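Chemist: Would you mind keeping the following structure in view while I ask a few things?
The values are calculated or read from the model by the stated rules, or taken from the named source; none is laboratory data. Only a predicted model underlies this, so the values are computations on that prediction, with no experimental measurement involved. Cβ placement follows ideal geometry from the backbone for every residue including glycine, while neighbour counts extend to all protein chains displayed. Please note that ligands, DNA and RNA were not included when accessible areas were found on the heavy atoms of the full protein model with its side chains. Shrake-Rupley method; radii C 1.70, N 1.55, O 1.52, S 1.80 Å.
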Amino acid sequence: MADFTRESKLNRAFVKLADTLTDDFDVVDLLQTLVEECSEILDTQAAGLMLLDGLGELQLVASTSEEATLIEVMQLNAGAGPCVECFTTGKPVTVGDIERSGDRWPAFRLEAMRQGFKSVHATPMRL
């Protein structure tokens with residue numbers, strides 16, 4: 001897929017997402033497709049999507065790898081990490097070098113490095 005431009009990848013993603021919107025579409029499948037397509041378009045190695053549940057609790061609803069799932073769930077359990085901070089502040093959080101991120105989120109830092117992550121970028125999505 002490296003031969004495709006970002007625009008053609010985006011067009012392909014919109015078509016793929018639109019194809020899932022049938023009368024009986026599954027929201028979880030739609031969100032999983034969205035995460036996978038965004039990861040490919042943005043050329044990331046992994047991605048995850050957290051949303052509020054009906055009780056106002058942040059939950060992981062989709063991810064592109066087991067490693068991404070592990071660090072997302074770890075952040076939720078610890079109540080700390082770049083994705084949790086992004087949600088609570090409503091601002092993007094970028095960590096360019098996890099190994100040198102200091103003591104900001106020690107549990108996240110250790111688990112992310114253990115899972116092979118080098119950097120992370122969290123982006124808020126608000127209505």
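Chemist: For 98, 41, what's the largest-to-smallest order of accessible area, 1.4 Å probe?
Modeler: Working: 98 0, 41 25 Å².
Solvent-accessible surface, decreasing: 41, 98.
Chemist: In Å², what does the accessible area per residue of region 42-93 work out to with a 1.4 Å probe? Don't jump to the answer; show the numbers that get you there.
Modeler: Values: 2920 Å² over 52 residues.
Solvent-accessible surface per residue comes out at 56 Å².
Chemist: Can you match Kirkwood radius over Cα pairs in Å to one of these, (i) 15.2; (ii) 15.6; (iii) 16.2, based on a calculation from the structure here?
Modeler: Computing Kirkwood radius over Cα pairs in Å and matching it to (i) 15.2; (ii) 15.6; (iii) 16.2 gives (ii).
Chemist: Further question: Out of 58, 21, 31, any idea which swings most in a Gaussian network model of the chain, alpha carbons joined below 10 Å?
Modeler: Between 58, 21, 31, it is 21 that shows the largest mean-square fluctuation.
Chemist: Among the aspartates and glutamates, which have Cα under 12 Å from the Cα of residue 118 when same-chain residues fewer than 8 positions away are ignored?
Modeler: Those aspartates and glutamates meeting the cut-off are 97, 99.
Chemist: Still on this structure, please answer the following. Within region 34-97, list the GluC sites (Glu not before Pro) lying in a DSSP loop whose Cβ has at most 13 other Cβ atoms in a 10 Å radius.
Modeler: Numbers: sites: 36, 37, 40, 57, 66, 67, 72, 85; in loops: 57.
Within region 34-97, the qualifying GluC sites (Glu not before Pro) (loop, at most 13 other Cβ atoms within 10 Å) are 57.
Chemist: On the protein heavy atoms, probe 1.4 angstrom, tell me the percent of accessible surface of region 64-126 carried by carbon and sulfur. Please list the in-between numbers first.
Modeler: Working: 1950 of 3830 Å².
Accessible surface attributable to carbon and sulfur in region 64-126 totals 51 percent.
Chemist: With loop defined by DSSP as not H, G, I, E or B, and exposure as at most 14 other Cβ atoms within 10 Å, which is the longest segment of the chain clear of exposed trypsin sites (Lys or Arg not before Pro)?
Modeler: Details: sites that count: 104, 118, 126.
The longest such stretch corresponds to 1-103.
Chemist: I've got another one for you. So, in nm, how far is label residue 73 from label residue 23 when the simple model puts each one 7 Å beyond its Cα toward the Cβ?
Modeler: It works out to 3.7 nm between the two label points.
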